[in-house]
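The values are calculated or read from the model by the stated rules, or taken from the named source; none is laboratory data. As the structure is a prediction and not an experimental result, all values here were calculated from the model. All Cβ positions, even for glycine, are placed from backbone atoms using ideal geometry, and neighbour counts span all protein chains on display. SASA here: full protein model, heavy atoms, side chains in, ligands and nucleic acids out. Shrake-Rupley method; radii C 1.70, N 1.55, O 1.52, S 1.80 Å.
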Amino acid sequence: MSWGTELWDQFDNLEKHTQWGIEYVDKYTKFVKERSEIEISYAKQIRNLSKKYQPKKNSKEEEESKYTFCRAFLTSLNELNDYAGQHEVIAENLTSQIITDLTRYLQELKAERKSHFHDGRKAQQQLESSWKQLESCKKKFERDCKEADRAQQHFERMDADINVTKADVEKARQQAQVRHQMAADSKNDYHSYLQKFNQEQHEHYYTVIPNIFQNLQDMEEKRIERLGVCMKTFAEVDRQVLPIVGKCLDGMTSAAEGIEPKTDSNQVVESYKSGFEPPGDVEFEDYGQAMKRTVSENSLSNSRESKEKPAGKSKSKLWPFIKNKNKITLNSHVRSLIEGSVPEDFSHLPPEQRRKKLQGKIDELKKDIQKEMDQRDALTKMKDVYVKNPQMGDPASVDPRLAEIAMNIEKLQSEEQKFENWLAEVEERMPSKSETHRKSVIYETQNSTVSNNCAQDRESPDGSYTEEQSAETQVKAVANRTSCAPESDDEFDELETIGTCKALYTFEGQNEGTISVTEGELLYVIEEDKGDGWTRVRRNEEEEGYVPTSYIEVLLETNAKGPNKPENNVSWLI
């Protein structure tokens with residue numbers, strides 16, 4: 001059915017209908033825009049939620065990350081952050097694929113509609129103008145006919161009157177003839193305009209208006225089709241991110257399935273084990289004889305009171321958890337912690353915890369020594385390059401730095417030896433030394449801080465106890481400060497890669513600071529995700545930028561080297 005033939009007389013209604021259609025497009029555009037704003041707001045709230053519950057540096061949450069359920073929760077938070085990123089992608093795609101497109105199309109639609117209705121009004125005005133001319137000719141013809149009749153009647157009266165002269169009769173006859181001629185001319189004009197008007201009217205209603213209305217119909221059908229495409233795109237935008245959202249949810253599921261209750265319960269033992277043995281049996285004391293109380297050779301109270309109190313005056317503790325409610329004392333180690341001076345040999349800790357602390361310190365020193373050696377090797381290579389190519393630099397300029405590194409290595413090795421001696425001393429004193437093997441457990445920096453809370457509610461090395469909450473709080477604060485070793489500031493770390501990655505999806509980096517990648521492309525990772533959902537990668541020395549973490553698969557390496565960094569390149573050695 002055609003608008004031109006079926007709706008030839010509905011010009012005003014079609015004008016209202018097409019205007020309503022344009023308003024509907026504008027209404028749908030506003031709907032998509034509000035949906036985009038909701039997605040951005042939702043993603044922001046999800047990111048804030050993930051950030052809120054992320055473990056904070058030097059906090060209890062970070063210390064607890066050694067447990068599998070804590071790491072699972074951290075993984076879930078990271079996946080949730082990536083999940084929020086997909087909602088940002090939805091908002092971005094809605095804006096670029098629907099909102100921008102519909103806004104531009106809406107302007108074109110308004111201009112096209114205006115043009116069609118302008119042509120229709122112009123055609124109507126022309127038809128109305130022709131009708132007015134026809135009416136004018138008709139009235140003129142009618143008026144001339146009446147004048148001719150009156151002139152003819154006047155002539156007949158004059159001709160019948162015997163009192164009228166012949167000249168007057170002749171004059172009346174001529175006047176009647178003139179009027180009849182004017183009526184005949186008007187009749188011809190009216191007939192001619194009538195034919196012209198009928199032709200224009202036929203062309204108007206069968207050619208001009210049908211063409212204009214057909215254009216309007218085509219415009220309306222295209223508008224409806226365009227709206228349908230946008231509604232389909234609206235659903236496809238969501239569908240496109242479903243695989244990545246599914247991977248985020250799979251990551252959360254895998255993290256939850258990776259929780260190991262037995263491992264966590266064993267970790268409690270590793271964290272709080274003191275190394276002491278339980279007290280032995282209390283022997284019967286016969287007050288009828290000389291009082292002499294004996295205790296187990298390996299008991300906690302005997303090992304300490306034998307050193308600190310003379311025989312016969314000792315007052316042993318039956319169990320480390322029994323507190324003296326009448327007397328609150330602070331031993332020298334606790335006081336030293338409160339004052340901010342933690343013993344370098346960790347002698348304030350129980351044997352097992354002290355062993356772990358010393359082992360951790362030794363591992364840390366070994367890392368520092370290895371790093372200094374790597375710098376020494378790099379400078380040595382650079383010096384060789386300078387020797388072979390004097391124009392690149394003076395070999396003697398490297399010697400002061402090499403000497404400084406040698407001193408640092410010697411100092412670190414001395415520190416390592418000192419802690420090794422303390423560790424050997426602790427292992428010799430531990431009762432279960434022959435039954436256990438020393439294990440070095442190195443946690444990742446972001447998931448490992450040794451908790452000193454094991455000293456809470458336990459007997460101090462000198463046999464005294466503390467129940468003062470403020471003192472315990474200060475001890476924890478000092479222990480937390482000492483457990484975080486400062487990271488070395490290497491000014492050349494930014495030039496080195498920390499791993500590689502593979503692009504899982506194609507990403508168009510249109511914003512400043514991002515880089516475009518194609519699916520399957522291999523890149524170098526130069527900066528890990530800091531919790532904002534972006535990872536910094538490098539394609540070559542001149543192309544680097546950020547890509548969404550969820551779009552890549554990262555493989556971190558400890559000794560990865562960046563691209564385009566040959567050994568004879570001096571810049572990466574510095």
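When the pairs 273/356; 139/187; 371/418; 66/357 are compared against a 18 Å limit on Cα-Cα distance, 371/418 fall above it.
Once both labels are positioned 7 Å from their Cα atoms along Cα-to-Cβ, the gap between residue 167 and residue 195 label points is 4.5 nm. Using a 1.4 Å probe over the heavy atoms of the protein chains, calculate the carbon and sulfur portion of the accessible area of segment 206-252 as a whole percent. Using a 1.4 Å probe with all protein chains present, segment 206-252 comes out at 58 percent carbon and sulfur. The residue 264 and residue 56 beta-carbon pair, evaluated with R₀ = 25 Å, returns a calculated FRET efficiency of approximately 0.75. Charged neighbours of residue 369, selected by a Cβ distance under 12 Å, balance to -3 (K, R count +1; D, E count -1). Once the Kirkwood radius over Cα pairs is known for segment 98-171, the Stokes-Einstein relation at 25 °C and 0.890 mPa s delivers a diffusion coefficient of 137 µm²/s. The reciprocal of the average 1/r between distinct C-alpha atoms defines the Kirkwood hydrodynamic radius, which for segment 1-48 equals 13.7 Å. Length gain on complete extension for the stretch residue 1 to residue 516, per 0.36 nm per residue less the alpha carbon to alpha carbon distance? The residue 1-residue 516 span can extend by a further 180.4 nm. Ligands, DNA and RNA are left out, and with a 1.4 angstrom probe the accessible area of segment 340-417 is 54 Å² per residue.
When the P(r) is computed for segment 134-250, the part past 24 Å accounts for 66% of the Cα-Cα pairs. Local charge for residue 506 was computed over the other residues whose Cβ lies under 11 Å away, with Lys and Arg +1 and Asp and Glu -1, and equals -3. Max-minus-min Cα coordinates of segment 209-296 on each principal axis give 132, 20, 13 Å, with the largest extent listed first.
Centre-to-centre separation between the Cα atoms of segment 182-227 and those of segment 9-47: 36 Å.
Legend: residues 374, 368, sorted from most to least accessible area (1.4 Å probe; ligands, DNA and RNA excluded), read 374, 368. Using heavy atoms of the protein chains and a probe of 1.4 Å, the accessible area assigned to residue 5 is about 90 Å².
Between residue 496 and residue 256, what FRET efficiency follows from the Cβ-Cβ distance if R0 is 35 Å, with the result rounded to 0.05? With a Förster radius of 35 Å, E is 0.50. Separation of the alpha carbons by more than 27 angstrom is noted, of 56/502; 51/247; 138/171; 30/222, for 56/502; 138/171.
When 254, 516 are compared by accessible area of protein heavy atoms, the largest-first order is 254, 516, using a 1.4 Å probe. Fully extending the segment from residue 389 to residue 178 would add 63.7 nm, taking 0.36 nm per residue of separation and subtracting the current Cα-Cα distance.
Going by the alpha-carbon gyration tensor, a ≥ b ≥ c the square roots of its eigenvalues, is segment 36-169 rounded (a/c under 1.5) or, if a/c is not under 1.5, prolate (a/b greater than b/c) versus oblate?
The shape class here is prolate.
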